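Read through the structure below, which is laid out as structure tokens, and then see the notes.
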């Protein structure tokens, strides 16, 4: 690596969610890893180093193992500014090839964590999140750390609005005047939360914006409960449950079992909760030009949410809409002096 490379910070859109951590990079790459880590060392020795799937990181004198581990829960109030979060983000930056590089990042918080009901910023919470990721995280290997020198925080679903209205093409970047001019709702189905943001005349309508504490982690919990009851198990690894949700099968004692009924029942239950909240927040959306669905949950639940509004749309690669919007916000909205 040339010394000159280290002098040029890499801008990164960083959607460090409760279920997955997604990166959007300026070369167009999109990367996702599970938000999966646990306290302590891995206690695994890799027979071939090239096959290593668990990595250790240290922050504030605490070691975390990240990767193919049974992850500790992320759905707790302090996760966005925890050491667990910092270790997972560092691992994502390492996976993106940013070891030893200086990074400028924009990340997000759920709408209800970012704003009070009256629209005021929750300044203390935002500052905690902004400062946390600038703390040092050291890989417990020969790898150099990626250092976050500048970090801004924006509401998660609003990031998807920036992705929608800031259009990049081969000729440059433009603010799509037609998209900016019309009222739009963003529905962001994530891991722990489903976020709603209504933007009209470049203002956020807080009476129709907010967060529901429900997302894909609720699906995983319901499936885990169902598998444990069906097979009379005391516990299940988090990785096994994640695979069961993804493939509708669970492998126990060397044999595959079909659990599609459990997965579908869990999805229907979560979808019903999200549907009721969506109607409460947006009604029929008659004054909206479009209802745009984004987030990883939108991918997993696409068949279940297909006909909620006649004027709805699903963003391109919806799981990365926030990360892309965060990168666009960093590159085109943040003042250059802020990122200097």
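The values are calculated or read from the model by the stated rules, or taken from the named source; none is laboratory data. Treat the numbers as computed from the prediction; the structure is a model and nothing was measured. Backbone-built Cβ (ideal geometry, glycine too); neighbour counts: all protein chains shown.
Summary table
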read-out	value
Residue that is surrounded by the fewest Cβ atoms within 10 Å (Cβ to Cβ) [pool: residues in the range 174-210 that are without any contact (Cβ under 8 Å) to a residue 40 or more places away in the chain and in contact with a helix residue (DSSP H, G or I) (Cβ under 7 Å, 6 or more places away or on another chain)]	202
Matching residues in the range 132-170 - criterion: being part of a strand (DSSP E or B) and under 17 Å from residue 324 (Cα atoms)	151, 152, 153, 154, 155, 166, 167, 168, 169
Selection within the range 262-311 - part of a loop (DSSP other than H, G, I, E, B) and in contact (Cβ under 8 Å) with a residue 12 or more places away in the chain	284, 285, 287, 288, 289, 295, 301, 305, 308, 309, 311
Single residue of the range 90-119 satisfying the filter (touching a residue at least 60 places away in the same chain (Cβ under 8 Å) and part of a loop (DSSP other than H, G, I, E, B)) that is surrounded by the most Cβ atoms within 10 Å (Cβ to Cβ)	110
Flag for residue 290 being modelled with pLDDT of 95 or more, surrounded by 16 or more Cβ atoms within 10 Å (Cβ to Cβ) and over 25 Å from residue 38 (Cβ atoms)	yes
Residue among 87, 160 that is touching a residue at least 12 places away in the same chain (Cβ under 8 Å), under 25 Å from residue 317 (Cα atoms) and buried (at least 16 other Cβ atoms within 10 Å of the Cβ)	160
Top-ranked residue in the range 250-266 [being under 25 Å from the mean Cα position of the chain (by Cα) and within 21 Å of residue 36 (Cβ to Cβ); ranked as surrounded by the fewest Cβ atoms within 10 Å (Cβ to Cβ)]	266
Residue in the range 223-230 that is assigned to a strand (DSSP E or B) and surrounded by 18 or more Cβ atoms within 10 Å (Cβ to Cβ) present	no
The one condition in (1) at pLDDT 95 or above; (2) touching a strand residue (DSSP E or B) at 6+ places or on another chain (Cβ under 7 Å) that residue 67 fails to fulfil	(1)
